[in-house]
Amino acid sequence: MSTLTHRYITAVGRAVPESQRQDVEAEVAAAIEDLTQARLESGSDPQAAEQEVLVELGDPMRLAAGYANKPLHLIGPDHFPAYVRLLKVLASTVLPVVTCAVILGQIISGAEAGEVAVTALATLWQVALMMAFWVTVVFAAIERTPGSKAMSPQWNPSMLPDPPTGGVRLGDTLASVTMSLIGAAYIVWQNFRSPFTDAAGEPIPTLAPELWPLWIPLMLAGLLASAVVEVLRYRAGGWSWGFVAANAAADLVFAVPLIWLAATNTLLDPRFLGNLVDLGWIDAGLHLNVTIIVITVGVLAWELIDSARKVRGDTAARNLGHAGR
Amino acid sequence: MNDEDVLTGHQQELRRGTVVMAALATLRTPGYGYGLLSVLEKSGMSVDANTLYPLLRRLEKQELLAAEWDTSDSRPRKMYRTSEEGLKLLAALEAEWNSLAASLSALRSAHPHEPLKELS
């Protein structure tokens with residue numbers, strides 16, 4: 001037996017359970033022998049014949065799976081729906097809860113705002129990876145457990161997800177535009193009205209005045225742009241990928257400077273924070289910055305996911321509307 | 001996807017189950033794996049070697065084939081023969097096959113100008 005054939009047989013044997021190994025190896029050896037013999041009789045030279053036979057039998061792992069009746073997939077059709085559903089449930093429950101817990105823990109232990117944000121993102125990433133990994137491992141193990149087909153939960157109609165409510169929602173648009181306008185108005189208003197005044201009796205703004213030449217107008221532009229996108233979206237009859245992109249751009253123009261400034265502790269006026277500290281709120285700067293970052297990231301993520309999710313429903317509703325006309 | 005691929009895909013799907021019938025029918029006369037492979041190829045039901053050999057083992061495990069190593073030759077080979085169980089299964093599969101063929105031909109011969117009530 002040549003080394004190539006020997007290696008092939010060993011490779012097949014290694015991939016079947018030990019109890020069947022000897023048997024399968026003998027069968028594969030006999031099969032190779034027969035197939036090679038037939039080729040030699042029709043005039044091939046020995047080396048070419050062996051090569052052809054091994055190519056014909058193909059990947060030893062695949063052949064072994066045939067012999068041992070093992071699946072050639074990680075998670076098969078019996079368990080795949082349950083696998084995807086579980087991943088979705090975990091991603092929408094465990095992931096945010098763990099991340100919020102970590103943020104809280106960091107704040108309590110007195111970390112800097114930027115540090116908290118970085119840790120929160122790192123935690124989010126790690127927990128997501130761990131979750132996906134272990135769920136996959138468990139399901140791959142279930143797939144390979146004999147009799148596991150009976151374990152897969154019976155589907156019934158009550159498990160259907162709610163249908164996406166397509167079409168424009170005036171309430172959504174009004175709420176969104178109002179939020180943007182209130183935000184913009186507040187940014188302007190806080191410059192002139194404040195609970196605190198300085199020695200000269202001038203009001204101390206909440207946001208650092210150094211941000212006016214560039215950052216504050218940029219954030220105002222972002223807020224107003226998202227209000228405009230919102231109105232246009234309403235008139236166009238719901239989300240499309242173009243609006244998702246425009247909305248994301250407007251949101252980022254507002255959110256990125258806000259997060260960055262909060263993380264570097266340059267967003268709030270130090271005199272304003274000083275007044276809060278004097279009132280007994282020792283960690284006012286940290287708490288406010290972290291709250292701003294967490295809320296901004298949360299709202300941003302929600303906006304992006306929600307708008308992308310609604311594209312399909314809205315498109316369907318639009319097409320339905322056209323068809324009905 | 002071109003028409004060729006579509007045709008091949010559907011043909012493969014249709015043929016998949018018939019290999020078992022062909023193997024059980026042929027091995028009523030005892031034979032080796034390679035012998036079966038050649039017989040099937042000659043009869044126009046060619047099967048890949050890497051499909052047939054594992055299939056023989058699974059049928060043996062299900063006791064539809066009886067198998068033993070034949071050591072009379074210079075090299076040992078596994079000799080297969082359809083068992084009693086195998087013959088029963090073959091009869092059941094053939095009955096199924098014939099009933100499918102009958103149903104299909106009834107559908108094919110139904111008058112196209114008289115649409116089935118259930119379809120309209």
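Observations
- Counting the residues of the stretch A:289-314 that are within 16 Å of residue A:169 (Cα to Cα) and either in contact with a strand residue (DSSP E or B) (Cβ under 9 Å, 6 or more places away or on another chain) or of a type in the set (Ser, Thr, Tyr) (or both) gives 1.
- When the stretch B:38-56 is limited to residues that are over 19 Å from residue B:87 (Cβ atoms) and at the interface with chain A (Cβ under 8 Å from one of its Cβ atoms), the one that is surrounded by the fewest Cβ atoms within 10 Å (Cβ to Cβ) turns out to be B:48.
- Residue within the stretch B:10-20 that is surrounded by fewer than 16 Cβ atoms within 10 Å (Cβ to Cβ), within 15 Å of the chain's Cα centre (by Cα) and not in a helix (DSSP H, G or I) present: yes
- On inspection, residue B:96 fails the criterion of being free of Cβ contacts under 8 Å to residues at least 12 places away in the same chain, part of a helix (DSSP H, G or I) and surrounded by fewer than 11 Cβ atoms within 10 Å (Cβ to Cβ).
- Residue match in the stretch A:78-86 (condition: of a type in the set (Lys, Arg) and within 14 Å of chain B (Cβ to nearest Cβ)): no
- Some residue of the stretch A:16-33 being in contact (Cβ under 8 Å) with a residue 40 or more places away in the chain and away from every other protein chain (no Cβ under 14 Å): no
- Total residues in the stretch A:221-251 satisfying the condition of being free of Cβ contacts under 8 Å to residues at least 40 places away in the same chain and crowded, with 17+ Cβ neighbours inside 10 Å: the figure is 5.
- Residue within the stretch A:52-68 that is on the phi < 0 side of the Ramachandran plot, within 9 Å of chain B (Cβ to nearest Cβ) and of a type in the set (Lys, Arg) present: yes
Residue-by-condition table, conditions (1) of a type outside the set (Gly, Ala, Ser); (2) at pLDDT 85 or above; (3) under 29 Å from the mean Cα position of the chain (by Cα); (4) in a helix (DSSP H, G or I):
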| residue | (1), (2), (3), (4) |
| --- | --- |
| A:227 | no, yes, yes, yes |
| A:235 | yes, no, no, yes |
| A:238 | no, no, yes, no |
| A:243 | yes, yes, yes, yes |
| A:317 | no, no, yes, yes |
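- Of the listed requirements (1) farther than 27 Å from residue A:264 by Cβ; (2) among the hydrophobic types (A, V, I, L, M, F, W, C); (3) surrounded by 13 or more Cβ atoms within 10 Å (Cβ to Cβ), residue A:89 misses just one: (3).
- Residues that are within 14 Å of chain A (Cβ to nearest Cβ) and either in contact with a His (Cβ under 6 Å, 6 or more places away or on another chain) or not in a strand (DSSP E or B) (or both), drawn from the stretch B:73-88: B:73, B:74, B:75, B:76
- Boolean, residue A:286 is assigned to a helix (DSSP H, G or I), of a type in the set (A, V, I, L, M, F, W, C) and either farther than 26 Å from residue A:226 by Cα or modelled with pLDDT under 85 (or both): yes
- There is no residue in the stretch A:129-145 that is over 30 Å from residue A:20 (Cα atoms), crowded, with 17+ Cβ neighbours inside 10 Å and touching a Ser or Thr at 6+ places or on another chain (Cβ under 8 Å).
- Hits in the stretch A:34-49 - residues which are under 54 Å from the mean Cα position of the chain (by Cα) and more than 14 Å from every other protein chain (Cβ to nearest Cβ): A:47, A:48
- Residues of the stretch A:259-272 satisfying the condition of being in a helix (DSSP H, G or I) and surrounded by 20 or more Cβ atoms within 10 Å (Cβ to Cβ): A:259, A:261, A:262, A:263, A:272
- When residues of the stretch B:67-86 are limited to those that are closer than 24 Å to residue A:64 by Cβ and in contact with an Asp or Glu (Cβ under 8 Å, 6 or more places away or on another chain), the one surrounded by the most Cβ atoms within 10 Å (Cβ to Cβ): B:80
The values are calculated or read from the model by the stated rules, or taken from the named source; none is laboratory data. Nothing here was measured: the structure is a model prediction, and the numbers come from that model. Positions of Cβ are generated from backbone atoms using ideal geometry, with glycine treated the same way; all protein chains shown enter the neighbour counts.
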